[in-house]
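Worksheet for the structure shown next.
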Amino acid sequence: MSFSKKLKQFFTSKPKNNNWDGLIEAYKPWLPVTKKTPIITLKEGATPLIEIKSIANRIGKGVKVYAKYDGLNPTGSFKDRGMTMAISKAKEDGCEAVICASTGNTSASAAAYAKRGGMRAFVVIPDGYVAQGKLAQALVYGAEILAIKGNFDKALDIVRELSNKYPITLVNSVNPYRLQGQKTAAFEIIENLGNAPDWLCIPMGNAGNITAYWMGFEEYFYANKSKQLPRMMGFQASGSAPLVEGKSISNPETIATAIRIGNPVNKEKALLARESSKGKFSSVTDLEIINAYKILGKEEGIFCEPASAASVAGLLKLKNDVPKNSTIVCVLTGNGLKDPDCAINNNDSIFHTDVEPDMNSIIKKMGF
Ligand code: AN7
């Protein structure tokens, strides 16, 4: 190509991001949408896959570790992938109101997409157990919030019954369109790596996301878009680990409030994903979660919420089982800004207060 032609191409080509119209547009043939489906989008998806050497170095053995940073979606979590689908289909069906139970992220995402689609959004949350950022979002997006004296599992029971009796669409992950949208994250990973990873490490709450990823990996594999399927490695917080312990937990507790869920609705599908992929479910303590959370922040510049750090904590815990030269993806499901209280209470930063506003005092504090 001549130089002038190259120059012309340079000035007329658009940056790639301008061509991204959200995941429904990008993956239409793989999704249950038709020409009639009104697409409600905030241009979710296309999130970065970032190499995290600090974690690979702690494992050694020539492994490569990546973070799928889904906290960079429009409302700061992977829920947007499912919500663009669920709300678009609800709109297509003429629905005027949606409802969900939520530990926080689903409520933020449901509210944002419902409002964009011109619908009412009801969210039922466990009073006192939703991180500040998520609550702020639901408020700003104009959700109608019902904070119950009970946990997520109770809230989900209530909204399931409600949506059966009243003309209101349930947008929790029992809504099949949610998982359809969420499976696109697996497509993106395969496109980025040119293959599926050896392991996918992912936090589990209601176990919808692990189910969706597995669906995505299988679909691309059978379409010859990847050479292999990953092992699905699911992680729960030890105080809230029904899938690891093999029984419902009536009073789940963890610092990772997003995954404070004792009776996952997608349990059967998640167990099937584990079995089909020769995967493994394990639990990590709050301390291990916070350790991973801090490493990602201060060694990688990646701020995720505590529930998301469970994927990295889990990988570190299983480091002896990691095969040599393998490629591993850890899903960072939510943005760290969602939970500022956790950040302020769990960091190793040096925070000098009462600093006099003069050069000498500042230099002294800096230790020069
Ligand atoms: C950051 O928002 O259940 O295993 O109500 O917010 O698919 O449930 C959130 C779940 C992982 C677990 N990471 O995903 C809700 C909710 C973050 C989350 C999970 C959630 P699933």
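Coordinate-derived values only; no laboratory data. Remember, it's a predicted structure, so these values are computed and weren't measured experimentally. Here the Cβ positions follow ideal geometry from the backbone for every residue, glycine too, while neighbour counts run over all protein chains shown.
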| query | Which ³J(HN,Hα) values, rounded to whole Hz and listed in residue order, are derived for segment 119-132 from phi using the Karplus coefficients 6.51, -1.76 and 1.60 in 6.51 cos²θ - 1.76 cosθ + 1.60 with θ = phi - 60°, glycine and proline given as x? | reply | 10, 7, 10, 9, 10, 10, 10, x, 4, x, 10, 10, 4, 3
| task | Over 29 Å, how big is the tail of the calculated P(r) for the chain, in percent of all Cα pairs? | result | 41 percent
| field | Theoretical ellipticity at 222 nm over the chain - DSSP helices of four or more residues, -39500 (n - 2.57) apiece, nearest 500 | value | -12500 deg cm²/dmol
| query | Semi-axes, largest first, in whole Å: what does sqrt of 5 times each Cα gyration tensor eigenvalue give for segment 160-221? | reply | 29, 12, 7
| Space enclosed by the convex hull of the alpha-carbon atoms of segment 270-368, per residue, Å³ | 150 Å³
| Tell me, what HN-Hα J-couplings in whole Hz come from the Karplus equation 6.51 cos²θ - 1.76 cosθ + 1.60 at θ = phi - 60° for each residue of segment 194-208, using x for Gly and Pro? | x, 6, 6, x, 6, 10, 10, 9, 8, x, 10, x, 7, 6, x
| All aspartates and glutamates inside 19 Å of LYS247 as judged from Cα atoms, apart from same-chain residues fewer than 8 positions distant | ASP153, ASP157, GLU268, GLU275
| task | Return the long-range amide H neighbours of ALA67 (sequence gap of 5 or more, or a different chain), with a cut-off of under 5 Å between placed amide H atoms. | result | ILE50, GLU51, ILE52, CYS330
| With labels modelled as points extended 7 Å from the Cα through the Cβ direction, what inter-label distance (nm, one decimal) is found for LEU42 paired with ASN320? | 4.3 nm
| segment 46-112: radius of gyration over Cα atoms, expressed as a fraction of 2.2 N^0.38 Å | 1.56
| task | Tabulate in residue order the Karplus-calculated ³J(HN,Hα) for segment 100-114, using 6.51 cos²θ - 1.76 cosθ + 1.60 with θ = phi - 60°, rounded to whole Hz; enter x for Gly and Pro. | result | 8, 9, 7, 8, x, 5, 4, 5, 5, 5, 4, 5, 4, 6, 4
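Enter the per residue convex hull volume of segment 171-327, computed from alpha-carbon coordinates, in Å³ rounded to the nearest integer.
117 Å³
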| field | Residues whose placed amide H lies under 5 Å from that of ALA121, excluding near-sequence neighbours | value | VAL98, GLU144
| If you take the C-alpha gyration tensor of segment 104-167, multiply each eigenvalue by 5 and take the square root, what semi-axes do you get, largest first, in whole Å? | 18, 17, 8
| note | Semi-axes in Å, largest first, for segment 236-296 (Cα gyration tensor, √(5λ)) are 21, 15, 9
| task | Any cysteines in the chain with zero other Cys Cβ atoms under 4.7 Å from their Cβ? List them, or say none. | result | CYS95, CYS100, CYS304, CYS342
| field | Relative compactness, segment 1-160, computed as alpha-carbon Rg over 2.2 N^0.38 Å | value | 1.32
